[in-house]
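The values are calculated or read from the model by the stated rules, or taken from the named source; none is laboratory data. Here the structure is a predicted model, which means the values were calculated and not measured. Please note: Cβ atoms are built from the backbone with ideal geometry, for glycine as well, and neighbour counts cover all protein chains shown. These accessible areas exclude ligands, DNA and RNA; they are computed on the full protein's heavy atoms, side chains included. Shrake-Rupley method; radii C 1.70, N 1.55, O 1.52, S 1.80 Å.
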Amino acid sequence: LLAVFSAQKFNRESRMEMLRAPARFREFSSSRGKGRNRDVRRCAGTSVESGVFEKKYNVAHAAYIHVPFCRRRCFYCDFAVSIVGDNKSRWEKEHYKYLDLLLQEIKATPREYASKLKTIFFGGGTPSLAPPDFIKEVIAALRSRYGIEDDAEISMEMDPGTFNLEKLKGFIDAGVTRVSLGVQVFDEDRLSAIGRAHSLKDVYDAVGTLERAGVENFSLDLISGLPNQTIASWEETVRTAIQQNPAHISTYDLMIEQSTAFERRGLRPGEPPLPSEEDTMAMYRLAQQLLTDAGYKHYELSNYAKPGFECAHNRVYWENQPFLGLGMGAASYLKDKRFTRPRRLVEYEEFVHTLTEATKDNEDGWSNVLRMDDKPWSEENWSTDEQEDINREKLTDVIMLGLRLAEGIDLQEIKDNFGAEIVTKILKGVENEISKGQVIVEPPSSFHKEDYAEPRRLRLADPEGFLVSSDVISTIFASI
């Protein structure tokens, strides 16, 4: 259903996007939730001019911090997590051990890569299992190393049942300004069916706690397409979410990933007990209608926000800007290169120790460590050094990421950086989708002009264009 990157997390905001995506995007989901086009960017065969795509910033102003610990692994989960059970004393012990590794990595990462952070995102895992002092120390280390803007958006993922009012106030005092609450569904049976650790009562208690703490800027994450979920039950979930009055709502379609409990049980998209393809599409349309009618702007493929409450951090990914990732399984996009840290805790620990030793006397040791051939983090972690390949990847990134946004892609910018011929090919490639109303070119008065390289914007119609986003993007890639 949703054209999203299969990153190392599915159901939460930052993972849904690029935060923890591998060095190269592994796969793009089909527009109808069935088969996916593996590594579609490599198949583009694009030839682009030699100019380098201009970024808003030369260094990262966004940082993602991965906190990998979870009470249990949900049945759809293939993320980089470490299971700690329900023993709260173990939670604290594991987090402080991990904190030492994070602080070492921050200290060893050169200052030249990030400056004056505008957004910070704590994702996981379940960051709300951490003690507030953990969050406080990480923020302090980032401020000391790179600086943090006074009005920075500092988001934190939280799960119902993992925090009370006192703990939440501790997170706020530490600097958290935005909460992403992993609800998934307002349905007790569905929560149990997907292996979530919380109950429906926990959800309502968590929302109440956010309200008592005065947290206005909070998001609810929802999943459609769950086992035995009906259109009626999904409608009830969306309506109930709206009643909680969050500033932001994310709606994702269930994906069956390899090596998950659902995959081992033989679940297949479109086949019982999962909803049919037609029903999942109806669920997407229904959510779009209900949420926009309630005053939420559908600003991105899977995300809705009240005015002024779009997630600034995730826009960094969608706008293809540099970002710094820290922690187990986290990815960075720095100086035109993507790098993914080890997904297993023991290997991440080895990575940090190697990095610390290599950068004791020379910060250049940082890049040397990332290129070590005999280490578990070396395989395909760096994108190519060839300028032609770098430019091609920039173009495909701009298209894939930009078309997630309601405003789409800026064809003038593409023309300036990659050449008028590319714009011509893009527009020629989607003529059929334009005629169907799935793709919109602005201004519309220029649709029938012969000069297809004339600069304009291109975006997907909401919701019908978003529903076929993978098909549209694949068509564009085939054209360029």
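Give the accessible surface of segment 157-215 per residue, rounded to a whole number of Å², with probe radius 1.4 Å and ligands, DNA and RNA excluded.
Accessible area per residue, segment 157-215: 36 Å².
To the nearest Å, what is the center-to-center distance of segment 239-304 and segment 215-238, using C-alpha atoms only?
7
Which FRET efficiency value, to the nearest 0.05, is calculated for residue 321 and residue 367 with the Förster distance at 22 angstrom and r the Cβ-Cβ distance?
About 0.60, to the nearest 0.05.
So how far apart, in nm, are the two label points at residue 211 and residue 93 if each is 7 Å from Cα heading toward Cβ?
3.9
Ignoring ligands, DNA and RNA, what accessible area per residue does segment 230-348 give at 1.4 Å, in Å²?
Roughly 36 Å² per residue, with all protein chains present.
If R0 is 22 Å, what FRET efficiency do you get for residue 347 and residue 72 from their C-beta distance, rounded to 0.05?
It comes out at approximately 0.50.
Could you compute how fast segment 245-336 diffuses translationally, taking Rh as the Kirkwood radius over C-alpha pairs and applying Stokes-Einstein at 4 °C with viscosity 1.567 mPa s? Give it in µm² per second.
The estimated diffusion coefficient comes to 81 µm²/s.
How big is segment 108-257 along each principal axis, measuring the range of its Cα positions in Å and listing the largest first?
Principal extents (largest minus smallest coordinate, Cα): 50, 35, 23 Å.
Mind grabbing the base-10 log of I(q)/I(0) for segment 58-196 at q = 0.09, 0.10, 0.15, 0.22 Å⁻¹? Debye formula, identical points on the C-alpha positions, no solvent, two decimal places.
Taken in order of the listed q values, log10 I(q)/I(0) reads -0.28, -0.35, -0.76, -1.41.
Could you check how much of the accessible area of segment 102-205 is carbon and sulfur, as a whole percent, using a 1.4 Å probe?
44
How big is the charge dipole of segment 139-178 about its Cα centre, in debye rounded to the nearest 20, if each Lys and Arg gets +1 on its Cβ and each Asp and Glu gets -1 on its Cβ?
Rounded to the nearest 20 debye, it is 160 debye.
Could you state the orientation-averaged shadow area of the convex hull built on the Cα atoms of segment 233-285, in nm² to one decimal?
With every direction weighted equally, the projected area is 4.5 nm².
Starting from 0.36 nm per residue, how many nanometres of slack lie between residue 265 and residue 201 once their C-alpha separation is accounted for?
20.2 nm
Which pairs, out of 107/136; 88/136; 116/136; 97/136; 297/335, put more than 21 Å between their alpha-carbon atoms?
297/335
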